[in-house]
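Student: Below is the structure I would like to discuss, written out as structure tokens.
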Amino acid sequence: YDRVSVGVPGVVRKGRVLHTPHFVTVAGPFTPQDPALVEEWRGFDVAAALEKALLAPVRAVNDAEMQGCAVVSGQGFEVVITLGTGFGFAMFDDGRLLPKVEMSAHRLKKGESYDQRLGNLTRARIGRDRWNARLAEAVEGLRWVFWWDRLYVGGGNTRHIKTDLGPDVTIVPNLAGLLGGVHLWDPSHRV
């Protein structure tokens, strides 16, 4: 390999992890956080650590941002949502990656975050129909906030989408997360 691309869940800026919700828990996603792990990950320069270990240039971004690098058209304001363990979110303006907004932590309804209402554990618990209704409600609410030209929805749980999310929404394959690693090095994304 000549270079390495890494997608990390959470907030990553300039290769540094500011916050990661799932690597700091005691027993996996949505379990209590371990304060020592929170401290170890905060500010961790994952790109530099991997460059040293792998002896190659590394670019590290949020995992939804990486998926977006593979699917955005580069025309207008485009938003990417990923549905998996939690709720990923990224924004692009004319193909340029914009600063990370951690929508997954935002409280949506009943004091629950997007992660809690739309994550994989909840989907499994409440069933496909209720999860689809929640997803449609979330997309409609976000549409009125962001006024995107195009929304892309990806991630492993897209296979469970059985509702029409609107003409401005494109469902993208989970493979885009891997392909985004190639596109991450495209100068047009300016990461």
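The values are calculated or read from the model by the stated rules, or taken from the named source; none is laboratory data. The structure displayed is predicted, hence computed values, not measured ones. So basically every Cβ, Gly included, is an ideal-geometry build from the backbone, and we count neighbours across all protein chains shown. These area figures cover heavy atoms from the full protein model, side chains too; ligands, DNA and RNA do not enter into them. Shrake-Rupley method; radii C 1.70, N 1.55, O 1.52, S 1.80 Å.
Student: Determine the shape class of the range 1-88: with a ≥ b ≥ c the square roots of the Cα gyration tensor eigenvalues, call it rounded for a/c under 1.5, and otherwise prolate if a/b is greater than b/c, oblate otherwise.
Tutor: Oblate.
Student: For the chain, which whole percent of the accessible surface, found with a 1.4 angstrom probe, sits on carbon and sulfur atoms?
Tutor: Values: 5480 of 9820 Å².
Carbon and sulfur atoms account for 56 percent of the accessible area of the chain.
Student: Please give, to one decimal in nm, the separation of the simple spin-label points placed at GLU140 and LEU121, each 7 Å out from Cα toward the Cβ.
Tutor: Modelled inter-label distance: 2.8 nm.
Student: When only C-alpha pairs under 8 Å and at least 6 residues apart count, what is the relative contact order of the range 1-118, in percent?
Tutor: The normalised contact order for the range 1-118 reaches 22 percent.
Student: Please list, in order along the range 125-139, the HN-Hα scalar couplings obtained from phi with the Karplus expression 6.51 cos²θ - 1.76 cosθ + 1.60 (θ = phi - 60°), rounded to whole Hz, x for Gly and Pro.
Tutor: 6, 9, x, 4, 5, 5, 5, 4, 5, 5, 5, 4, 5, 5, 4
Student: Also, I was wondering about something else. So what is the 222 nm mean residue ellipticity for the chain from helices alone, if each DSSP H run of at least 4 adds -39500 (n - 2.57) and you divide by all residues, rounding to the nearest 500 deg cm²/dmol? It would help to have the intermediate numbers written out before the result.
Tutor: Working: 7 runs with 64 residues, N = 191.
Estimated from H runs of four or more residues: -9500 deg cm²/dmol.
Student: Less than 19 Å from a label point 7 Å out along the Cα-to-Cβ axis of ALA56: which backbone N atoms in the range 1-44 qualify, by residue?
Tutor: 1-8, 15
Student: Let me ask another. Taking springs between alpha-carbon atoms closer than 10 angstrom, which of GLU78, GLU39, GLU102 fluctuates most in the Gaussian network model of the chain?
Tutor: Highest fluctuation of the listed residues: GLU39.
Student: Just to confirm a number: summing +1 for Lys and Arg and -1 for Asp and Glu over residues other than LEU179 whose beta-carbon lies under 14 angstrom from that of LEU179, what do you get?
Tutor: -3
Student: In addition: What FRET efficiency, computed as 1/(1 + (r/R0)^6) with R0 = 45 Å and r the Cβ-Cβ distance, is obtained for SER188 and ALA49, rounded to the nearest 0.05?
Tutor: Calculated transfer efficiency: 0.95.
Student: Ok, one more. Would you mind listing how long the chain runs along its three principal axes, going by Cα atoms, in whole Å with the largest first?
Tutor: Projected onto its principal axes, the Cα set of the chain covers 47, 41, 26 Å.
Student: Tell me, what is the per residue accessible area of the range 117-179 in Å², probe radius 1.4 Å? Could you put the intermediate results ahead of the total?
Tutor: Values: 3400 Å² over 63 residues.
Using a 1.4 Å probe on heavy atoms only, each residue of the range 117-179 averages 54 Å².
Student: Still on this structure: Short version: ³J(HN,Hα) in whole Hz for each residue of the range 160-174, in order, from phi by Karplus 6.51 cos²θ - 1.76 cosθ + 1.60 (θ = phi - 60°), x for Gly and Pro, what are they?
Tutor: So the J values, rounded to whole Hz, are 9, 6, 10, 10, 7, 9, x, x, 9, 10, 10, 7, 10, x, 4.
Student: Let me ask something else about it. Rank PHE146, PHE87 by accessible area, highest first, at a 1.4 Å probe radius?
Tutor: PHE146, PHE87
Student: Can you list the residues, at least 5 places off or on another chain, whose amide H is less than 5 Å from the amide H of THR170, using H built in the peptide plane?
Tutor: For THR170, the qualifying residues are LEU151, TYR152, VAL153.
Student: Sort 45-57, 88-100, 131-143 by packing, meaning the average of other beta carbons within 10 Å per residue, with the highest value first. Mind dumping the intermediate values first?
Tutor: Numbers: 45-57: 14.0, 88-100: 18.8, 131-143: 17.2.
Put in order of decreasing packing, that is 88-100, 131-143, 45-57.
Student: Could I have the simple spin-label model distance between ASP93 and ARG13, label points 7 Å from Cα toward Cβ, reported in nm to one decimal?
Tutor: 1.6
Student: Tally Lys/Arg at +1 and Asp/Glu at -1 over every other residue whose Cβ is under 15 Å from the Cβ of VAL11; what's the total?
Tutor: 0
Student: Here is a further query. Per residue, what accessible area does the range 1-103 have, given a 1.4 Å probe and all protein chains present, in Å²?
Tutor: I get 48 Å² per residue for the range 1-103.
Student: I've got another one for you. Calculate one ³J(HN,Hα) per residue across the range 33-48 by plugging θ = phi - 60° into the Karplus curve 6.51 cos²θ - 1.76 cosθ + 1.60, and present them in order as whole Hz with x for glycine and proline.
Tutor: 7, 9, x, 5, 5, 4, 5, 5, 7, 5, x, 5, 8, 5, 5, 5
Student: Can you list residues from other chains, or at least 5 along the same chain, whose modelled amide H is less than 5 Å from the amide H of ASP34?
Tutor: Residues meeting the amide H criterion: THR25, VAL26.
Student: Take the alpha carbon gyration tensor of the range 107-191, find the square roots of its eigenvalues, order them as a ≥ b ≥ c, and report rounded if a/c is under 1.5; if not, report prolate when a/b exceeds b/c, else oblate.
Tutor: prolate
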